[in-house]
Amino acid sequence: MENMQAVNSFVAAYLKKKGFKEAEQLLEDLQNKESAPIDFHNDPELAKFIHHFSQSEDDVARYQYGYSKLRSWTYGSLDLYKHELLRVLYPVFIHSFMDLVAKGHLQEARTFFNAFREDHELMHSRDLQKLEGVLSQSHLEEMEFARSLRQSKVNIKICQYSYDLLLQYLHKTQSTAMLGVINEHINFQVSSGQPTSISDDAEVVTLIGSCQDAANQINQKEIHWGLLEDSLEERLEKAGGLLSDSEKTEGENKEGDVDETKKRSVEGGKQGASTKKLKKDKAINATAKSARPEANTTSTAPRVKPELTLPIMPTEVEQSILEDLRNRVHLSSVALPSVSFYTFLNTHNGLNCSSISHDGSLVAGGFSDSSLKVWDMAKLGQQAGSSTLQGEIDSASSEHVVGPNGGKRSYTLFKGHSGPVYSATFSPLGDFILSSAADTTIRLWSTKLNANLVCYKGHNYPVWDVQFSPVGHYFASASHDRTARIWSMDRIQPLRIMAGHLSDVDCVQWHANCNYVATGSSDKTVRLWDVQSGECVRIFIGHRSMILSLAMSPDGRYMASGDEDGTIMMWDLSSGRCITPLMGHTSCVWTLTFSCEGSLLASGSADCTVKLWDVTTSTKVPRNEEKSGNPNRLRSLKTLPTKSTPVYSLQFSRRNLLFGAGVLSKNM
Amino acid sequence: MSIVAKETIEVIAQSIGINNLSDDAALSLAPDVEYRMREIMQEAIKCMRHSRRTTLTTDDVDGALSLRNVEPVYGFASGGPLQFKRAVGHRDLFYIDDKDVDLKDVIEAPLPKAPLDTGVVCHWLAIEGVQPAIPENAPVEVIAAPSNGKTYEQKDELPVDIKLPVKHVLSRELQLYFDKITELTVRKSDSALFKEALVSLATDSGLHQLVPYFTYFIANEVSHGLNDYSLLFALMRVVWSLLQNPHIHIEPYLHQLMPSVVTCLVSKKLGNRIADNHWELRDFTAKLVASICKRFGHVYNTLQTRLTKTLLNALLDPKRALTQHYGAIQGLAALGPNVVRLLILPNLEPYLRLLEPELVLEKQKNGMKRYEAWRVYGALLHAAGQGIYDRLKIFPPLPSPPGHANWKSREKVVTAVPNKRKASMEPLEHEPALKKIVTDGPIGLVSTTSSPSPMQGETVAPLSSGDFDSEQPSSSEKMPNDERSGNGIGKDGQTLKMSAILNQIWEDDLNSGRTLVTLLELFGESILSFIPAPEMSLFL
C-alpha cells in the first residue's frame, strides 16, 4: 500500500511539474473515486513507462539535490534512530552514483561521487576505491562488483519508527529520485520495537550483491564440526587409560601437585575446587577409561565419521606422534609457549612465503625468482635443530656449525616453477612439500629425494595458496581464478572445484576433521565448503578488507581469520557468527595458528610482531565457569616484537613449541 | 572528468604513431584508460599482498599485467627508483631519465659483487612467553652473524623480561588543554584567562595524565627562561596550582619539580630588567617550597633535609650573590621557626659581619648592591623575628611580656648609647648604624631566649618592666597606625613594609629630634608586628 501511495504521489508530482493540470485533476479524481487503484506492480510495462517519463533532463540535479537533502535530513534526525537511517545513505549513495553513470552523466557522476564520498570513507573505503574507477556504462557491466550491486537488493534491518520517519520524509519532500533508488535497491526488513544497536550491523559493512539472503540461507545448513573418530588424540587417551592404575594415579598426583602449587600462588580459594576436581577425575579414572584432564577439549567435541578415505599411517610414525602428544606442554594464559624464530637473511626482497614443518626441523621459502629453498635446521645448525627438536637446550653442540660460506649451500634448492612461488606447505610428516606459483601450477616435491615428483595443472591463473590436509595425502589450493580446488597426491586432476567467491581466493585452510575446507577471499568473505559435496556451507561476512590468513581450532569448533587491516576475527563455525574481532595488529596479518589444545591463538603480522591471544575464555565452556572474569572477551596475552622482521609464518609443533619465520627487512 | 587528461591520451597516441586522434576519441578513451589503470593497480596490490610485502614494486605491476594477459612493461625491474625529469621549456611535461649506456663500459666494468646468499638463522623469540635479551630480539641494534648469534644465544639463556616503552595515548582534549595552558603560561601570564587557567589547574580532576608533561614543561622552561621574570612567576604559579589540586598525585614528579622550584628561589639572577620584582618571586617560591615540604615531608623524609642543606649552602657561601642569600633566607624562614632557630640564628652574627659592609654607603657605592643588602637584611630580620615569636609562644601565660620586655630592655640598653653618640651625624650614615643595632638586638636575644633557662628571662623581666611601661605611652599615638599596616600585610609583605618603615624612621629622624625614642619604638614595632593582636594587647 505504501508503494501504491508512493507511485501515486510520484505520478502526481510529475504531472504537476510538467503542468498537466487536467491530467493531475483526473488522477486525483481517479484516486478519490476508485477505492482499488490500478495495480502498478502487476503491470511492469506501466511502471516502466512512468519511470521512464520521470527521468527528465534535470535528472542529475535531482539526484544530487535529493541526496544532499536526504543526507542532511538523516544527520539531523533523532539520535536514537540516526544510525539506522545512516545505513540507508550508503546504498542510496552508491546506487545514485551508478544510476548517474548508467544514464551517461559521467562528469556529474564524478562530482556527485567526490562531493559525498567522505561520508562513507571510514566504512567502505575499499569499495569506494573500486567504484571510483567506474566511468562508463560498459565499466558497470564489466566490473563484477558493480554488476552484483546493480543486480541485487540491499537488505537493511530497520525498526518500524525509523522506517516511518524515512517514508514520511520521502513523501513530504517528494524527492522522487531518492524514492526511486530506495525502492529499486533497498529491501527493508522492518522490525517492530526498538532500533537495533549500532554494534549489530556487521552485515552493512559488506555489500556483496546477492550474498545476504543466500548467505543466511547457506548458513542454515548443518555442519558436523566434530573431530574425527579414532583420532590419535583419542587413541592416546585410550592408551593412557590402559596404563596401570598405580602409574596413573602417581601421574595424577604429580600433576595435582603442580596444579595446586600454581593455583595456590594465584588464589587460595581455587585450591579446594582443584583438589575436588582432581578427586573426581581419579574416581572417573578408576571406574572407566576416560580422558586425561587436559584432554578436555578433544573429549567434549563430538565425533564424526571421515568422509574421505584417509591414508593409513605407518606404525612407527604413529608411535612418534603419540610420543609427542604425551610430551606436549600444556599451554594456557598463564603458561605461554616458547617461540623459536627463524629469520631469513639476504632475501633481497625475494621471499614470498615460508613454511615450517610440524617438527620445526625443515623450513621452506618460496621466492619470486621461481625457486623453492628448503633449509634443514638439524643439519644447518646442529645446535638449533636438535635443541628445537628435543624441545630442550643443548649448548654443548655448537661446535658442529657448518659455516654458510663453506662452499656448499646451506639449503636444498628446488627448481621447477616458472613464476614467483606464492605458497608452500609441508605434509604432516615432513616428507613432502607442495608449492604453488604464479605459473598456475602446484608442484609436489620430496624432501627425501630432493626432487620434483608431480606437477598439478588445473588452475588457470596464479595459485595463491596451497595447504596439505591434516592427515596428508589430500590438499587444497586457492587461486586468482576465483576457485578453490581439492586434490589428492595421486591424481593430477582436482577432485573438487569450489566456485562461488566473487573475487580471488587468497587463502585456504582445512578443518581439523578434513571434511571441510575454509577459503578466504578478496571479496572480504570467508566461506566454508563441504569437501565431499563441494558445496558452500557457510559464509562469514564481517571483514572489511582482503582475507590473508585462516586458522582452524583443533577442536574444530572455531575459526580465526586475519585480514589486510590487521583485524582478526574469531568465528563460530556452527552459527556462522563472529564471536569477537581481535584488534591489535596494525598491518596485514600474514599468519594465524592455534596451539595444539586450542587454548592460544598466535598471529604474525607485517607490523613485526607475534601476538598471542587467549582463546580459552570463550572456547572452553567449563573453564568459563571457573574463571570469574568476563568470559566473552578474547584478549591479547602478549605481544612479542621481532627486530624489523615481518612474521610470515607460524607453526605450533605437536609438543606446543611455537615456530615462527620472517624476513629481516632493513627498511621497515 | 577522469584523472587522465585528454591531452595525455593525445600524447600517447602520437608516441605510437597516431597523429590525428580525434577529440571525441581521446575524450572517450580517457576514462577507459583510467579504469584500466585502476584495474591493473588492484591486481598489482593483490600480487604485492601475496608476496608478503607492504610496498608495491614494479614486479607487482608486471605480475598484474601478466594476470591480464598483457605484455609486461620491460626495463623497470632494476630496483632503482625511477627519476622523473621535467622537460625543458614545458611546464607539465615529464619524462623518465633514461641514460645511454655505452656497451663498452658495461663489458669492461668489473663484475659486481655477488649478492649474499639467502640464509636462515634461528633464535628464541620468547621462552615461555618471556623475551630473552639477546641481540636477535627487538631492542638491540644489529643482528649478529649467524654462528656467533647462536652460540651467544645458547649461552646467554637468562630470560629477562623486556618491558617495552608503553605508548601513552593522550586524548585530543587533554592535548588541547595542555597546549592552551602552556601557551598562556608562556605568552599571556598576566591575562585574566591565565588566572582562570590556574584555578582550573588547581581544581579540575582528570588532569593527572598531564602531570608528567607539565613537569617536563616547567623544568624545561625554567632552565631556558631564567631571564624572563614573568614567565618564571607564571611557572611557579602553575606549580602552586598543581600542588593545590586534590585530584593530582604529584609525589612521583616532585623530584623533577624541585630543582626548578629551588632554582627560582636561589638563582643568582631572575629576570633581566631592573623593574622585575624578583624579590616577590623569591618570596612566592619560598612559600611554595614550604608548602611542598609540609605536604610531602613525611613521605620523603629526605626532602626537607636536602632542601635545607641546599639553602644553607647558598646562604653560607660568601661568594654567592646577595640575591641568592635572600632567597635562601626566605626559603629557610618559610620552612618554619625551628629551621630558623637551628640554622639561621647560629650563623647570624658571622653573616651580619659579612653583610655590614654592604649596607654602608661608604663601603658599597653601588646603590643596587646596597639595596640588595638591605633586602637581605630585612629578610633576616623577618626570619629572626619569626623564630623569636615562636619561642615566645612556648610560654602562653607569661610568654610575651618577659621575653619582650627582656628584648626591649636590652634593645634599649644597646641602642641608646650609639644613637646618642651619633645623634649629630649625617642621617645617611645614621641609617646603617641603626640597622646594625637592630640586628644586634636579635642576636643578643637569641643568646637568651634560645638558652635552656627560661627562668633567666623571667628574672630579668621584673627589672625591666618599669622601663617598659614608661616607654609605652610615649609612643602610643603612633603605634596603632603602623601596627595595623604591619599586621595587615602579613609575613609576605613584611619585608617590603619593613624598608618603607625604615625609610620613614629615617625621615622622622631628619624632621624631629626625637630620634632615640622613635627608633626604639620602631624597632619594637618591627618585631612586634609578628606578634598577634591578643598578645600585643598585653603591652598596649
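Tabulated data
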read-out	value
Where A:Thr196 falls short, out of the listed (1) among the hydroxyl-bearing types (Ser, Thr, Tyr); (2) modelled with pLDDT of 80 or more; (3) crowded, with 16+ Cβ neighbours inside 10 Å	(2)
Segment A:404-423, subset modelled with pLDDT under 70 and either more than 8 Å from chain B (Cβ to nearest Cβ) or under 22 Å from B:Met48 (Cα atoms) (or both), residue surrounded by the fewest Cβ atoms within 10 Å (Cβ to Cβ)	A:Gly407
Residue that is nearest to A:His511 (Cα to Cα) [pool: residues in segment A:544-576 that are within 14 Å of another protein chain (Cβ to nearest Cβ) and assigned to a loop (DSSP other than H, G, I, E, B)]	A:Met546
Qualifying positions in segment A:101-127 - within 23 Å of A:Phe188 (Cα to Cα) and within 13 Å of another protein chain (Cβ to nearest Cβ)	A:Asp127
Identity of the residue in segment A:128-151, among the small types (Gly, Ala, Ser) and surrounded by 19 or more Cβ atoms within 10 Å (Cβ to Cβ), that ends up nearest to the other protein chains (Cβ to nearest Cβ)	A:Gly133
Residue among B:Asp62, B:Asp100, B:Asp24 that is of a type in the set (D, E, K, R) and either at the interface with chain A (Cβ under 10 Å from one of its Cβ atoms) or touching a helix residue (DSSP H, G or I) at 6+ places or on another chain (Cβ under 9 Å) (or both)	B:Asp62
All positions within segment A:579-610 that are in a strand (DSSP E or B), within 13 Å of chain B (Cβ to nearest Cβ) and within 22 Å of A:Asp465 (Cβ to Cβ)	A:Val589, A:Trp590, A:Thr591, A:Ala602, A:Gly604, A:Ser605, A:Val610
Any helices (runs of 4 or more DSSP H) falling wholly within segment B:5-94 and containing at least 3 residues that are modelled with pLDDT of 85 or more and closer than 24 Å to A:Gln107 by Cβ	B:6-15, B:23-50
Qualifying residue in segment A:567-577 (condition: in contact with a Leu (Cβ under 9 Å, 6 or more places away or on another chain), surrounded by fewer than 24 Cβ atoms within 10 Å (Cβ to Cβ) and small (Gly, Ala, Ser))	yes
Hits in segment B:117-138 - residues which are over 20 Å from A:Leu601 (Cβ atoms), surrounded by fewer than 22 Cβ atoms within 10 Å (Cβ to Cβ), hydrophobic (A, V, I, L, M, F, W, C) and at the interface with chain A (Cβ under 7 Å from one of its Cβ atoms)	B:Ala138
Single condition A:Phe540 does not satisfy, out of (1) part of a loop (DSSP other than H, G, I, E, B); (2) crowded, with 24+ Cβ neighbours inside 10 Å; (3) within 18 Å of the chain's Cα centre (by Cα)	(1)
Cross-chain or 6+ apart pairs with Cβ under 7 Å, segment B:40-60 first and among the polar types (S, T, N, Q), then surrounded by fewer than 21 Cβ atoms within 10 Å (Cβ to Cβ)	B:Thr54/A:Ser587; B:Thr58/B:Phe76; B:Thr58/B:Ala77
Top-ranked residue in segment A:446-473 [being touching a residue at least 24 places away in the same chain (Cβ under 8 Å), more than 14 Å from chain B (Cβ to nearest Cβ) and in a loop (DSSP other than H, G, I, E, B); ranked as surrounded by the fewest Cβ atoms within 10 Å (Cβ to Cβ)]	A:Asn450
Which numbered condition B:Thr57 fails, given (1) surrounded by fewer than 17 Cβ atoms within 10 Å (Cβ to Cβ); (2) within 10 Å of chain A (Cβ to nearest Cβ); (3) of a type in the set (S, T, N, Q)	(1)
Any chance A:His330 is farther than 30 Å from B:His50 by Cα, modelled with pLDDT of 80 or more and within 14 Å of chain B (Cβ to nearest Cβ)	yes
Qualifying residue in segment B:4-15 (condition: of a type in the set (Gly, Ala, Ser), more than 12 Å from every other protein chain (Cβ to nearest Cβ) and in contact (Cβ under 8 Å) with a residue 24 or more places away in the chain)	yes
Candidates B:Leu322, B:Leu311, filtered to the one that is more than 27 Å from B:Pro246 (Cβ to Cβ) and at pLDDT 80 or above	B:Leu311
Cβ pairs under 7 Å, 6+ apart, first in segment A:498-513 and within 11 Å of another protein chain (Cβ to nearest Cβ), second crowded, with 24+ Cβ neighbours inside 10 Å and of a type in the set (Asp, Glu)	A:Ser503/A:Asp523; A:Asp506/A:Asp465; A:Cys507/A:Asp465
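The values are calculated or read from the model by the stated rules, or taken from the named source; none is laboratory data. Computed from a prediction, not measured in an experiment: that's the story for all the values here. In this analysis, Cβ positions are derived from the backbone assuming ideal geometry, glycine residues included, and neighbour counts consider all displayed protein chains.
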